[in-house]
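S.K.: One structure, as structure tokens, below. Some questions next.
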Amino acid sequence: MGNRVAAKIAPRLTGKKTAARRGCMSVADCVFYGDDTTPRTSAAVSSDAPDIPLPEDDTPRRVDKRKNVEKLWRKGTSRWRYAGDGESDSDTIHRRRSAPRMHQVVRPENERDAIIIEVGGPTITLLDGDEEVRARPRRSTTTENPGSSLIVIGDRVRYLDAGVGEAIVSHVYARRTALSRTSIIDRDVADVLVANIDLLVIVGAASNELLRPGLIDRYLIAAAMGGLDALILINKMDLVDDEDLAVVTDITAMYRDAGYTVLFTSCVTGEGLEALHGALKDKLSAFSGHSGVGKTSLLNRIVPDAREKIAELSDQSQRGIHTTTKSILYELADGGFIADTPGIREFGLFFFDKIDLHTYYPEFVRFADRCHYASCTHTHEPGCAVIQAVEDDEIHPLRYKNYLQIFESEGR
Ligand SMILES: Nc1nc2c(ncn2[C@@H]2O[C@H](COP(=O)(O)OP(=O)(O)OP(=O)(O)O)[C@@H](O)[C@H]2O)c(=O)[nH]1
Ligand SMILES: [Mg+2]
Ligand SMILES: [Zn+2]
């Protein structure tokens, strides 16, 4: 596991533990199943236990509860449905079996707190102090984050080790921050990519194919909605030719003018890696972006022990082939933590009021209060100061075009 997160991260990530617990004012505030007001931590299911089918004359109440479990599981685990075979956007859906088959009574005092440091595939890895623990969620797992992925990298959880080789995640605490997109399976569910981090590093590559301002804009909005700071990083600067350079220069100027920080790097020449180190120092950060832009290559450069798998880009489009299938959190030598995440193709924004969309565009906000109508959507209204600013070249037309596209296609 190389230089994987060490004990230091636990207090950092769990720092809000008490507050989060306090925030969960009562048992009823947490998500439980059916009409049962007893936290499920008193009972959990062991995967290694022998298969004992439920009795045929199962009571209706119990059946109801199992239905609710299924509902919650399906609502809350969009991330878990991905098989992790490299296609994080379109993988096979893994359905849970319809009911737990064996109940094992476990005492709550056996439970401990931990951080999720690896997610992808059927099991996850927790960090409890210095110790890495393999674990699985169960139907009985409760969460303070209803309507979103059940367990993602960075989550603070409670788990119990029933001594059967694999621990059980019994509860997921409320997230301090979250990078969410709309689940491709259920639009009402937030597919959370990473939780409890401070800084999102949106990685693009310096080529026409892999620099996608539409995707960057969505990331920027989602980061702001989820309480994260964002940084734009353009990698593969060693490959840039004259034609690409003009595009890259224009687009990066657009983001810098809007008020964002843009870094340029190359994993081949080492350009910009020192500046990247500086930006990540003492922060909890995550790389995210399209597949093939070099997220894992950057991670391998800044965490030399990591040696995560990267792949040659085989197709002509250079778009990447989803090499990384797990999200993993690493410690940085000079302070801070960084997560590598699988590449994504689509980023549907999760719930926002259309009227608020412009508030996620810092350069629009500068003009919006001069619009004629207080409720101006900046799409067509006469006397709109934002539209005027686009005409006067004070707002980049590409940002405005993307704004219109998002306004039309998403939000409520
Ligand atoms: N020339 C050049 N190639 C790079 C650079 N960074 C990464 N690559 C190459 O780009 C390809 C993809 O790199 P990865 O690090 O696997 O990309 P990724 O973003 O992690 O991709 P996914 O895991 O699929 O999301 C590999 O062949 C790398 O060698 C760079 O700065 N310059
Ligand atoms: Mg990767
Ligand atoms: Zn306006």
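S.K.: What's the exposure ranking of LYS326, LYS354, going from fewest to most Cβ atoms within 10 Å? Could the numbers behind the result be given before it?
M.R.: Details: LYS326 17, LYS354 14.
Starting with the residue having the fewest Cβ neighbours, the order is LYS354, LYS326.
S.K.: Further, regarding this structure: Given H placed 1.01 Å from N in the peptide plane, which residues other than close sequence neighbours of HIS171 have an amide H under 5 Å from its amide H?
M.R.: When sequence neighbours closer than 5 places are left aside, the close amide H contacts are THR142, ARG158.
S.K.: How much length would be gained if the chain were fully extended between HIS372 and ASP282, taking 0.36 nm per residue of separation minus their Cα-Cα distance, in nm to one decimal?
M.R.: Values: separation 90, 0.36 × 90 = 32.40 nm, distance 4.44 nm.
Using 0.36 nm per residue and subtracting the Cα-Cα distance, I get 28.0 nm.
S.K.: Would you mind ranking THR269, THR143, THR359, THR325 by Cβ crowding within 10 Å, fewest neighbours first? Spell out each step's value before the answer.
M.R.: Values: THR269 10, THR143 26, THR359 15, THR325 18.
The most exposed by this proxy come first: THR269, THR359, THR325, THR143.
S.K.: Something else: Taking each pair of distinct Cα atoms in the stretch 354-409 once, what is the resulting Kirkwood hydrodynamic radius in Å?
M.R.: Values: mean 1/r = 0.0911 Å⁻¹.
This gives a value of 11.0 Å.
S.K.: Mind giving me the FRET efficiency for HIS380 and ASP130? R0 is 60 Å, r the Cβ-Cβ distance, nearest 0.05 is fine. Don't jump to the answer; show the numbers that get you there.
M.R.: Numbers: r = 59 Å, r/R0 = 0.98.
The formula returns an efficiency of 0.55 here.
S.K.: In nm, what is the difference between 0.36 nm times the number of residues separating ASP238 and ASN208 and their Cα-Cα distance? Mind showing how you got there, number by number?
M.R.: Numbers: separation 30, 0.36 × 30 = 10.80 nm, distance 1.41 nm.
Extending this stretch completely gives an extra 9.4 nm.
S.K.: Could you list which residues have their amide H under 5 Å from that of GLY348, counting only those 5 or more apart in sequence or on another chain, with H placed in the peptide plane?
M.R.: THR182
S.K.: Please order ILE184, ILE151 by the number of other Cβ within 10 Å, starting at the fewest. Present the calculation step by step, with values, prior to reporting the outcome.
M.R.: Details: ILE184 18, ILE151 25.
Taking fewest neighbouring Cβ atoms as first place, the list is ILE184, ILE151.
S.K.: Determine ³J(HN,Hα), in whole Hz, for all residues of the stretch 287-299 in sequence, where each value follows from phi through the Karplus function 6.51 cos²θ - 1.76 cosθ + 1.60 and θ = phi - 60°; x replaces Gly and Pro.
M.R.: Per residue, the Karplus-derived 3J(HN,Hα) values read 8, 9, x, 4, 5, x, 7, x, 4, 6, 4, 5, 4 Hz.
All of the numbers you see were taken from the coordinates with simple rules; none came from a lab. In this text, all values refer to a predicted model and were calculated from it rather than measured experimentally. Neighbour counts run over all protein chains shown; Cβ positions are idealised from the backbone, glycine included.
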